[in-house]
Each structure stands twice: as structure tokens, then as C-alpha cells.
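The values are calculated or read from the model by the stated rules, or taken from the named source; none is laboratory data. Small disclaimer: the values here were computed from a predicted structure and weren't measured. Because the Cβ atoms are built from the backbone with ideal geometry, glycine has one as well, and the counts that use them run over all protein chains shown.
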Amino acid sequence: MPRIKSAKKAMRQARSRTHRNRAQRSALRTALKRVREATGTAAAQAYAIAVRLLDRAARKGLIHPNNAARHKSRLAAYVKKISK
């Protein structure tokens, strides 16, 4: 356990950030899963939600911007393929 005041504060901040990041990452993974499980127009709607979450996660630093771009590209190709 830290003894120094600033170290205690850093530990509290890390704990709260960890909880927030875990929740956001879980929501992101769920959105990606919903796109893969959806069919037809539901897939397009799920894709729109997933893109919003991916962009937000990349902007906030939760995931790397290239990671978000890769997911969006692959999901777009998948949605296009199943909509035929």
C-alpha cells in the first residue's frame, strides 16, 4: 500500500479508470458481437452503433485508432456481404 499522499491518489484514480475502461471495453465487445450475430437491416443498425462506440473508444484512448479502423473496415465488409 502506498504511504505517500500522491501515490494514494494515483491508486484511487487508477482504480476508477480501470472500472470505467472495463465497462466501456465490455460494451464495445458486446456491440461488435451484436453486429456479427445480426442479419439484414438489423446488422446495418448494429453496425452504426458499433462504429460510434469504436470511434469514441479510439478518441478516448481505450483502443488504438488503427484498431478501430480495422474493426470498422472488417465489419463493413461483413455487413455488405450478408445484406446481399
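Would you call ALA68 in contact with an Asp or Glu (Cβ under 7 Å, 6 or more places away or on another chain), within 26 Å of LYS84 (Cα to Cα), part of a helix (DSSP H, G or I) and modelled with pLDDT of 95 or more? The answer is yes for ALA68.
Within segment 29-40, the set of residues being touching a residue at least 40 places away in the same chain (Cβ under 8 Å) and not in a helix (DSSP H, G or I) comprises THR39, GLY40. Set side by side, the residues ALA14, ALA58 differ, and just one is exposed (fewer than 11 other Cβ atoms within 10 Å of the Cβ) and either outside any helix (DSSP H, G or I) or among the hydrophobic types (A, V, I, L, M, F, W, C) (or both), which is ALA14.
Given the criteria part of a helix (DSSP H, G or I), surrounded by fewer than 12 Cβ atoms within 10 Å (Cβ to Cβ) and under 14 Å from the mean Cα position of the chain (by Cα), does SER26 qualify? Considered against the rule, which asks whether it is part of a helix (DSSP H, G or I), surrounded by fewer than 12 Cβ atoms within 10 Å (Cβ to Cβ) and under 14 Å from the mean Cα position of the chain (by Cα), SER26 comes out as yes. Anything in segment 71-84 that is in a helix (DSSP H, G or I) and without any contact (Cβ under 8 Å) to a residue 12 or more places away in the chain? List them, or say none. SER73, ARG74, ALA77, LYS80, LYS81, listed by residue number. Residue pairs whose Cβ atoms lie under 8 Å apart, sitting 6 or more positions apart in sequence or on different chains, and linking a residue in segment 11-23 that is within 12 Å of LEU62 (Cβ to Cβ) to a partner that is not in a helix (DSSP H, G or I) and not basic (Lys, Arg), are ASN21/LEU62.
Given the residues ALA44, ALA7, which is the only one that is more than 13 Å from VAL79 (Cβ to Cβ), of a type in the set (A, V, I, L, M) and assigned to a helix (DSSP H, G or I)? Just a single option satisfies the conditions, and that option is ALA7. Residue under question is ARG34, and the condition is that it be exposed (fewer than 14 other Cβ atoms within 10 Å of the Cβ) and either charged (D, E, K, R) or at pLDDT below 95 (or both); does it hold? Considered against the rule, which asks whether it is exposed (fewer than 14 other Cβ atoms within 10 Å of the Cβ) and either charged (D, E, K, R) or at pLDDT below 95 (or both), ARG34 comes out as no. Among the residues of segment 61-76, those identified as farther than 15 Å from ARG34 by Cα and either small (Gly, Ala, Ser) or loosely packed, with under 12 Cβ neighbours inside 10 Å (or both) are GLY61, HIS64, ASN66, ALA68, ALA69, SER73.
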